[in-house]
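I have placed the structure first, in the form of structure tokens, so that the comments after it can refer back to it.
The values are calculated or read from the model by the stated rules, or taken from the named source; none is laboratory data. This one's a predicted model, so the numbers in the text were calculated from it and none came from an experiment. Backbone-built Cβ (ideal geometry, glycine too); neighbour counts: all protein chains shown. With ligands, DNA and RNA removed, areas are computed over all heavy atoms of the protein, side chains included. Shrake-Rupley method; radii C 1.70, N 1.55, O 1.52, S 1.80 Å.
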Amino acid sequence: MHETTAPPGAAAPVFYQQEEHAHGESGTLLGFWLYLMSDCLIFAVLFATYGVLGRNYAAGPSGAELFDLRLVALNTGLLLLSSITYGFAMLEMEKNRVDATLRWLAITGAFGAAFLAIELYEFAHLIHEGATPQRSAFLSAFFTLVGTHGLHVTFGIVWLVTLMVQVRRYGLIADNQRRLMCLSMFWHFLDVVWIGVFTFVYLMGSMR
Amino acid sequence: MSATAEAGIARKVQDDGHDDGHGDGHGDGAGQGGHHSPGAHGSVRSYVTGFVLSVVLTAIPFWLVMGDVLGDTLKTSIVIMAFAAVQIVVHMIYFLHMNTKSEGGWTFMALVFTLTLVVITLVGSIWVMYHLDRNMMPMTPHEALHRP
């Protein structure tokens, strides 16, 4: 199935690959972890902004009037499901099964896309009701925080599709395994951020 | 690619060992020789365990808020924040395979440092701004809308 021609990058020096095997590449994974930690700081600042401004409604609508918790619960479920299906993709990758890996990745991407669709529907609904980001400090902070998370999910899906093409074309070579492991961290990290979002923004915002 | 195949076999053996072994299920520790990375994967059992725990830890806060079970905003807030904290730890362990030994402890060090900064940012901002807010002139929503 895979050709013997190696993709660009695979011709890199092999000395560390043999030492660390496919799960090593410590430099990349540690570096990506550090990136995620810096991303975590971005979200911390946005959460802090929301924490400060979240009750400044400027006589506009409050979270209790706007949020539909059933939609949020559905979205949370979708993201949680996408986390476990990505985990299954990683397990199939470990067994070197290209088709099964791609199948689980596709399911993960579908859950992610459904999450995004529902979030965009929610945003459109809010804006239609006049709850635009310009309406109040609360809504500015809300759209910035939740929108940034949605943007991360969007880029996660773009990355996922890119990697599916890569895996389809080159197979589960060491480079692709390393990339899938980075995306795995990214995807699970987004789910962790979402825990903060649904608790801090939606659930606490829905209470008076 | 023979190195990859060998590694796969080696890991499979290890994973089987884990399943027979201890009950916590996530694939860290023992046979990994200390260079277990945060992206390394667990077993089906560890993912399912994490998923079930997450569903329970998500469902309870939603139920508490949607059903207004406790009847007290402050009490409910504290309880759901505690659930969120526990769920974040569950995700870290079962999905991100966080442990104190991966990459020679550097991932954990980076995490602790980041969490320190996150706590300072959140608590500091909310505390300082809350106190500044108390020095503002009291204003009704109507006045806020029509202020000069």
Of the residues in the range A:143-176, those that are open to solvent by less than 10 Å² (accessible area, probe 1.4 Å) and assigned to a helix (DSSP H, G or I) come to A:L145, A:V146, A:H149, A:G150, A:V153, A:G156, A:L160, A:L163, A:V167, A:N176
Residues satisfying the stated conditions in the range A:61-95, i.e. out of contact with any helix residue (DSSP H, G or I) (no Cβ under 6 Å at 6 or more places or on another chain), surrounded by fewer than 19 Cβ atoms within 10 Å (Cβ to Cβ) and facing another protein chain (nearest Cβ under 10 Å): A:R70, A:G77, A:K95
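Listed here are the residues, each with its yes/no results for (1) at pLDDT 95 or above; (2) among the hydroxyl-bearing types (S, T, Y); (3) surrounded by 17 or more Cβ atoms within 10 Å (Cβ to Cβ).
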{"position": "A:A11", "(1), (2), (3)": "no, no, no"}
{"position": "A:Y16", "(1), (2), (3)": "no, yes, no"}
{"position": "A:A22", "(1), (2), (3)": "no, no, yes"}
{"position": "A:Y57", "(1), (2), (3)": "no, yes, yes"}
Of the residues B:T121, B:T116, which single one is free of Cβ contacts under 8 Å to residues at least 12 places away in the same chain and loosely packed, with under 12 Cβ neighbours inside 10 Å? B:T116
Of the residues in the range B:82-118, those that are more than 9 Å from chain A (Cβ to nearest Cβ) and charged (D, E, K, R) come to B:K101
Is there any pair linking a residue in the range B:99-112 that is polar (S, T, N, Q) to one that is open to solvent by less than 80 Å² (accessible area, probe 1.4 Å) and assigned to a helix (DSSP H, G or I), with Cβ under 6 Å and at least six apart or on different chains, and which? B:T100/B:F108; B:T107/A:W33
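Condition check ((1) under 24 Å from A:V45 (Cα atoms); (2) part of a helix (DSSP H, G or I); (3) of a type in the set (D, E, K, R)) across all residues:
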residue	(1), (2), (3)
A:T101	no, yes, no
A:A106	no, yes, no
A:H125	no, yes, no
A:G130	no, no, no
A:Q134	yes, no, no
A:A141	yes, yes, no
What residue, among those in the range A:41-90 that are assigned to a loop (DSSP other than H, G, I, E, B) and small (G, A, S), is nearest to B:G42 (Cα to Cα)? A:G54
Qualifying positions in the range A:114-132 - over 15 Å from A:L71 (Cα atoms) and open to solvent by 50 Å² or more (accessible area, probe 1.4 Å): A:I127, A:H128, A:E129
Log entry, pairs with first residue in the range A:27-53 being at the interface with another protein chain (Cβ under 8 Å from one of its Cβ atoms), second being outside any helix (DSSP H, G or I), beta carbons closer than 6 Å, six or more apart or on different chains, reads A:L29/B:S37; A:L29/B:G39; A:W33/B:P38
Quick one: count up the residues across the range B:59-81 that are open to solvent by 50 Å² or more (accessible area, probe 1.4 Å), more than 10 Å from chain A (Cβ to nearest Cβ), farther than 22 Å from A:L81 by Cα and not in a loop (DSSP other than H, G, I, E, B). 2
